[in-house]
1. Which whole-number percentage describes the relative contact order of the chain, with Cα contacts under 8 Å and a sequence gap of 6 or more?
2. What is the calculated FRET efficiency for residue 55 to residue 75, with r their C-beta to C-beta distance and R₀ = 35 Å, to the nearest 0.05?
3. Quote the FRET efficiency, to the nearest 0.05, computed for residue 212 versus residue 100 with a Förster distance R0 of 30 Å and r equal to the Cβ-Cβ distance.
4. Two decimals, Cα atoms only, Kirkwood Rh: what is Rg/Rh over region 63-193?
5. How much accessible area per residue does region 148-213 have, counting only protein heavy atoms and a probe of 1.4 Å, in square angstrom?
6. If I compute solvent accessible area with a 1.4 Å probe over the protein chains, what percent of it on region 1-160 is carbon and sulfur?
7. When the helix-only estimate is applied to the chain (DSSP H runs of n ≥ 4, each -39,500 (n - 2.57), divided by the residue count), what is the mean residue ellipticity at 222 nm, nearest 500 deg cm²/dmol?
8. Excluding ligands, DNA and RNA, what is the solvent-accessible area per residue of region 27-105 at a probe of 1.4 Å, expressed in Å²?
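The values are calculated or read from the model by the stated rules, or taken from the named source; none is laboratory data. Not measured: the values here are computed from a predicted model. For neighbour counting, all protein chains shown are included, and Cβ atoms are generated from backbone atoms with ideal geometry for every residue, glycine included. To get the accessible areas, we keep the full protein, side chains included, count just its heavy atoms, and leave off ligands, DNA and RNA. Shrake-Rupley method; radii C 1.70, N 1.55, O 1.52, S 1.80 Å.
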Amino acid sequence: MRLGMVIDLDRCIGCRSCAVACKSHNAQPPGTWWNRVFTPGSSFHQAAVGKDGSLQMESLPVSCQMCDNPPCQKVCPTGATYTDERGVVLIDYERCIGCRYCIAACPYGVRQFNWEDPKEAKERVGYKLGYEYGYPVDFRDKDGRLIFTPDRPVGVVEKCTFCVQYISDGEQPACVQGCPGKVRIFGDLDDPSSEVSKLIRKRQAVRLKEELGTSPKVFYLTPAKLIRGEVG
């Protein structure tokens, strides 16, 4: 089994519902976003770009690419970053020493560092108004490694986990559940009958920075108008 994701760029409207769902379900502190959505070519979100009177606006969601050959894992001195039996790249928060080698090694810029106690930060800016958000309890893998906690410790690195606390119970990641356009499809890349495998075979799919040899397990379906040569 190799869990992966397909993102249909024909369907993405840049609403950032995925980012909000991800942040809420994973109790991310202020300033931390495991999921981001960019407008390629523009200096700010959802601004059309172009030249000679021809404008275009595309959206590009980016989170951890769940590489089969993850450079972040190679440089981790404590083994805090590891890949589980499903191909999901995870972080053991009890082993992370905050050296940030993984942040430097990641070519996608998706890892985040906790500079302050997330629980205190959330309380200070008013995130906690009589309720608790996010998955409410710690989650450990079968070997006892702490791979999700509502309040990550100060001084550790965090990132997208494909919502490991949910997928381990057979549910979909929060970004998949929360996308109104059904842009994201999640499943087993090793299963030829899975929807993700079928889409990759049927449609033109690309991966970010493939030339680096990281072998991401996140595939982007190319917009049809780009394939037809209508943009440019």
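1. On the way: 430 pairs, mean separation 70.8, N = 232.
Dividing the mean separation by the residue count of the chain yields 31 percent.
2. On the way: r = 41 Å, r/R0 = 1.18.
For residue 55 and residue 75, the calculated efficiency is 0.25.
3. Details: r = 20 Å, r/R0 = 0.65.
That pair, residue 212 with residue 100, gives E of 0.95.
4. Working: Rg = 15.4 Å, Rh = 16.0 Å.
We get a ratio of 0.96 for region 63-193.
5. On the way: 3070 Å² over 66 residues.
Per residue, region 148-213 has 47 Å² of solvent-accessible surface.
6. Details: 4130 of 7790 Å².
Within region 1-160, the accessible surface is 53 percent carbon and sulfur.
7. Working: 8 runs with 47 residues, N = 232.
Computed ellipticity for the chain at 222 nm equals -4500 deg cm²/dmol.
8. Details: 3770 Å² over 79 residues.
Here the residues of region 27-105 average 48 Å² of exposed surface.
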